[in-house]
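One structure is given here, and the rest of the page talks about it.
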Amino acid sequence: MGKLVVIEGLDGAGKRTLANGLTEALHAQGRTVTSLAFPRYGVSVHADLVRDALYGNIGDLSDSVYGMAVLYALDRRGAADEIREGLERHDVVLLDRYVASSAAYSAARLHQDEHGEFVRWVRELEIDRFGLPVPDLHLLLRVPVEVAAERAARREQADDSRARDLYESDGSLQARCGAVYDGLANIGWLAPWHVVDGRSNVNFSSLLAPLFTP
Ligand SMILES: Nc1ncnc2c1ncn2[C@@H]1O[C@H](COP(=O)(O)OP(=O)(O)OP(=O)(O)O)[C@@H](O)[C@H]1O
Ligand SMILES: Cc1cn([C@H]2C[C@H](O)[C@@H](COP(=O)(O)O)O2)c(=O)[nH]c1=O
């Protein structure tokens, strides 16, 4: 049975870049990896509705924290079998964002913390009710909010298709979200968390070692 590894962090933190590095490091160790990134834009109708809402194209939908969270959750529910199959066939299923993204962003939008009502609700919905697989490990890619914002801004300049959405343009939301992520990591919400400093060079071997100790 493979390991379910989830990368979490702020918009622009460098999650995709870390996922690519980890995949290379796992391949270099002779291990097989399959990856998914949530929301699954272009694959899931729920994810595409999320994108429309994040760019203000579905009226007041994005005002509803729970409405948005249900769309994110349905996207993941639609991927549950693929994740389970991936775990049967591969050493690692690597996810760029998962249930903890909803916990962190939505709690931050509601000005709640890791102990709040929303975090409890999202676990009940996605894990208990939808039966989504529980991660073996979260990697929290931690960078100061200003660094993440600067990286997102640079990427926006370089790539027209990556214009910042409602959440990405909200600096105060990103700051609160960073605090909720820290809180989730602190209490080991849902699964173990390992904090990765996104400003230093990542030591992939030491990140991966705990996953494969006999
Ligand atoms: N360690 C790093 N140092 C400097 N720049 C980086 C680093 N990691 C990523 N970047 C750059 O920052 C930008 C954002 O990186 P990336 O797309 O990996 O972030 P992300 O967390 O996946 O973003 P999002 O959640 O918004 O999709 C990219 O332009 C990337 O090249
Ligand atoms: C999966 C997921 C994401 N979010 C937030 C995080 C981002 O601000 C946006 C879009 O994600 P992307 O990585 O920039 O494409 O949505 C969320 O609130 N809940 C989730 O479950």
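The values are calculated or read from the model by the stated rules, or taken from the named source; none is laboratory data. All of these numbers come straight from a predicted model, not from anything done at the bench. In this analysis, Cβ positions are derived from the backbone assuming ideal geometry, glycine residues included, and neighbour counts consider all displayed protein chains.
Taking the conditions (1) under 17 Å from VAL6 (Cα atoms); (2) crowded, with 16+ Cβ neighbours inside 10 Å in turn, GLU82 satisfies each one other than (2).
For the stretch 25-56, the tally of residues that are under 24 Å from SER206 (Cα atoms), in contact (Cβ under 8 Å) with a residue 12 or more places away in the chain and either more than 9 Å from ligand 2 (Cβ to nearest atom) or part of a helix (DSSP H, G or I) (or both) stands at 9. For the stretch 83-94, the condition holds for no residue, the condition being that it is within 16 Å of ligand 1 (Cβ to nearest atom), in contact (Cβ under 8 Å) with a residue 24 or more places away in the chain, closer than 22 Å to LEU140 by Cα and part of a loop (DSSP other than H, G, I, E, B). SER62 falls short on exactly one of the conditions (1) surrounded by fewer than 18 Cβ atoms within 10 Å (Cβ to Cβ); (2) among the polar types (S, T, N, Q); (3) within 12 Å of ligand 2 (Cβ to nearest atom), and that condition is (1). When GLY56, GLY14, GLY30, GLY21 are screened for being at positive phi and within 16 Å of ligand 1 (Cβ to nearest atom), only GLY14 passes. Somewhere in the stretch 109-118, is a residue in contact (Cβ under 8 Å) with a residue 12 or more places away in the chain, of a type in the set (A, V, I, L, M), in a helix (DSSP H, G or I) and more than 10 Å from ligand 1 (Cβ to nearest atom)? No - not one qualifying residue is present in the stretch 109-118.
The condition of being of a type in the set (D, E, K, R) and touching a Cys at 6+ places or on another chain (Cβ under 9 Å) holds for only one of ARG109, ARG97, ARG77, ARG31, that being ARG109.
Only one of the numbered conditions (1) out of contact with any Lys or Arg (no Cβ under 7 Å at 6 or more places or on another chain); (2) assigned to a loop (DSSP other than H, G, I, E, B) is not met by ALA100, and that is (2).
Table: residues versus (1) surrounded by fewer than 16 Cβ atoms within 10 Å (Cβ to Cβ); (2) modelled with pLDDT under 95; (3) more than 9 Å from ligand 1 (Cβ to nearest atom); (4) of a type in the set (Lys, Arg).
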site: ARG154; (1), (2), (3), (4): yes, yes, no, yes
site: SER161; (1), (2), (3), (4): yes, yes, yes, no
site: GLU168; (1), (2), (3), (4): no, yes, no, no
site: SER172; (1), (2), (3), (4): yes, no, yes, no
site: GLY178; (1), (2), (3), (4): no, no, yes, no
site: TYR181; (1), (2), (3), (4): no, no, yes, no
site: GLY188; (1), (2), (3), (4): yes, no, yes, no
site: VAL196; (1), (2), (3), (4): no, no, yes, no
site: PHE212; (1), (2), (3), (4): yes, yes, yes, no
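Take the residues in the stretch 128-148 that are surrounded by fewer than 15 Cβ atoms within 10 Å (Cβ to Cβ) and under 28 Å from THR17 (Cβ atoms); name whichever of them is nearest to the chain's Cα centre (by Cα). So, considering only residues that are surrounded by fewer than 15 Cβ atoms within 10 Å (Cβ to Cβ) and under 28 Å from THR17 (Cβ atoms), the one nearest to the chain's Cα centre (by Cα) is VAL134.
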